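Notes for the one structure printed next.
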Amino acid sequence: MAQHPKKSCRGSTAVFAVLLLILITFVSGILFYTFVMQNINFATNTFNTQMAALLLNSFSINATHIVAFLQNTGSALVEITSAYVNGLITAIVNLVKIAPNAVGAVILAGSFLAGNTYDVKLGTIFNTEVTFQASF
């Protein structure tokens, strides 16, 4: 007489555990995706608000410096983190943090020649840019 193997629940328990782990992974992924998308929407709204809030008031240029006066009409502090003149990174002489409803001066060091026009791009902590052309 042939002997039949004993039935065991071990196989079905392992399959159930794997399916449960897959379900938990999918649910966690959906929740994480929702969280990230909400933060991206918040950042986009902040970006758009700050982009419209930072305006060039005026500027002056001489042989060694460009001084740009920026007005922050937004509701958050804005910090200028990078500067480019004609596409080349330029040193910012002063630490620039512009409070809401205030005007701040950005001083760029360089060698500027009379009769030339320079494309200036200033970057902020919100990855927004203020661009203008300065003629000496």
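The values are calculated or read from the model by the stated rules, or taken from the named source; none is laboratory data. Owing to the predicted nature of the structure, the values given are computational and were not obtained by experimental measurement. For neighbour counting, all protein chains shown are included, and Cβ atoms are generated from backbone atoms with ideal geometry for every residue, glycine included.
Quick look at the values:
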| item | result |
| --- | --- |
| Residues of the stretch 107-136 classified as within 24 Å of Ala76 (Cα to Cα) and in contact (Cβ under 8 Å) with a residue 40 or more places away in the chain, total | 12 |
| Members of the stretch 67-121 found to be surrounded by 18 or more Cβ atoms within 10 Å (Cβ to Cβ) and farther than 17 Å from Ser135 by Cβ, listed by number | Leu70, Asn72, Gly74, Val78, Ile80, Ala83, Val96, Ile98, Gly104, Val106 |
| Filter result (in contact with a Pro (Cβ under 8 Å, 6 or more places away or on another chain), assigned to a loop (DSSP other than H, G, I, E, B) and of a type outside the set (Ser, Thr, Tyr)) within the stretch 50-82 | Gly74, Ala76, Leu77 |
| Residues located in the stretch 83-132, provided they are assigned to a strand (DSSP E or B) and within 16 Å of Asn62 (Cβ to Cβ) | Val85, Ala105, Val106, Ile107, Leu108, Ala109, Thr117, Tyr118, Val120 |
| Test for Thr34: is it modelled with pLDDT under 90, over 14 Å from Leu122 (Cβ atoms) and part of a helix (DSSP H, G or I) | no |
